[in-house]
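Below: the structure, in structure tokens.
The values are calculated or read from the model by the stated rules, or taken from the named source; none is laboratory data. Model, not experiment: these values are computed from the prediction. In this analysis, Cβ positions are derived from the backbone assuming ideal geometry, glycine residues included, and neighbour counts consider all displayed protein chains. Keep in mind that these areas ignore ligands, DNA and RNA; they rest on the heavy atoms of the full protein, side chains included. Shrake-Rupley method; radii C 1.70, N 1.55, O 1.52, S 1.80 Å.
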Amino acid sequence: MTRREDRTSSELFDKFSYSSPCKEVIGPEAVLLRDFASAAASELMAAIATVTEVSPFRHMVTRRGFQMSVAMSNCGSVGWVSDRTGYKYAELDPLTGNSWPAMPESFRTLAEDAAEHAGFSSFAPDCCLINRYSPGAKLSLHQDRDEASFDWPIVSVSLGLSAVFLLGGLDRNDPLRRTELLSGDVVVWGGVSRLAFHGIESLEDGTHRFTGNCRINLTFRRAR
Ligand code: MD6
Ligand code: FE
């Protein structure tokens, strides 16, 4: 850890160059805001229940026909979906044939505040992908690259059971940094890390007061 006196003034003014108690740098322009969502967690859980009554969690299939271990839903003006034609953003929920539920205000406010806090101003997400991990579920190393522009950051909120987040570089073979994400933690990344490879290790068994035996992740993006 660099001592404050050791830093050059340009580093001090670089909003991404140093960690503070609640802001941990985990990569270039990638920060972990520990506990940022904890105060809102109950409200978020209630909103997740409301959204998923309308657009239920489901296991999507990949282009190759494999069923994903993570169950997913969405809210916002578009939703991220995967099927035998590939990955895309869709205005309608393929399961219900209706629009996705609107993004709850509690979701939007949290995502915009987190982005601002991390140094990305004016983030206006139009999609929130809701991921549900049961023990054994995982997300293989991937890039988030289905959005129209990579100029906007991604805000990722963890609730319930903890998980190990893997963050690499722009090349699939770059070394991975492992970070344990706990309930209430928020990861924000963009800029030079926007297309970094990342994933979630297989979820360990456990019980959490908010979610029971699962982890829920909210991933906010500007898709269009
Ligand atoms: C998850 N997150 O945390 C999966 N993508 O369950 C992601 O895939 C992700 O956390 C882009 C940016 C941040 C993320
Ligand atoms: Fe991702």
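Close amide H contacts of residue 26 (hydrogens built in the peptide plane, cut-off under 5 Å, sequence separation of 5 or more or a different chain): 31, 32.
Considering only protein heavy atoms and a 1.4 Å probe, what is the carbon-and-sulfur percentage of the accessible area of the chain?
Ligands and nucleic acids excluded, carbon and sulfur give 51 percent.
Taking all protein chains together and a 1.4 Å probe, the residues 138, 23 rank 138, 23 from largest to smallest accessible area.
Seen from residue 96, the other residues with C-beta closer than 13 Å to its C-beta sum to a net charge of -2, counting Lys and Arg as +1 and Asp and Glu as -1. If you fit an axis through the alpha-carbon atoms of helix 41-54 and take the longest principal axis of the Cα set of the chain, what angle between them do you get, 0 to 90°, nearest 10? For helix 41-54, the angle is close to 30 degrees.
In the full protein context, the chain carries 49 Å² of accessible surface per residue, based on a 1.4 Å probe and ignoring ligands, DNA and RNA.
For a paramagnetic label modelled on residue 87 (point 7 Å from Cα along Cα→Cβ), amide N atoms under 17 Å away belong, within segment 33-74, to 59-74. Taking Cα atoms only, the orientation of helix 105-118 departs from the longest principal axis of the chain by about 30 degrees.
In a reduced charge model with +1 at each Lys and Arg Cβ and -1 at each Asp and Glu Cβ, the chain shows a dipole moment near 520 debye about its Cα centre.
Distant-in-sequence amide contacts of residue 99, defined by a placed amide H-H separation under 5 Å and a gap of 5 or more residues or a different chain, comprise 93.
With every protein chain kept in the model, how would you rank 194, 108 by accessible area, 1.4 Å probe, largest at the top?
Working: 194 5, 108 70 Å².
Largest to smallest exposure gives the sequence 108, 194.
Taking 129, 92 and ordering them by how much accessible surface each has at a 1.4 Å probe, largest first, produces 92, 129.
Candidates 20, 67, 203 compared by Cα position along the dipole of the chain: farthest toward the positive end lies 67, with charges placed on Cβ.
Between residue 178 and residue 66, the contour length at 0.36 nm per residue exceeds the Cα-Cα span by 37.7 nm.
What is the calculated FRET efficiency for residue 162 to residue 19, with r their C-beta to C-beta distance and R₀ = 25 Å, to the nearest 0.05? Don't skip to the answer; put the middle values down first.
Values: r = 20 Å, r/R0 = 0.79.
The formula returns an efficiency of 0.80 here.
Distant-in-sequence amide contacts of residue 60, defined by a placed amide H-H separation under 5 Å and a gap of 5 or more residues or a different chain, comprise 68, 72. Here the contact order of segment 89-224, divided by its residue count and restricted to Cα pairs under 8 Å and six or more residues apart, works out to 35 percent. Once the C-beta distance of residue 208 and residue 95 is scaled by a Förster radius of 35 Å, the resulting FRET efficiency is 0.85 to the nearest 0.05.
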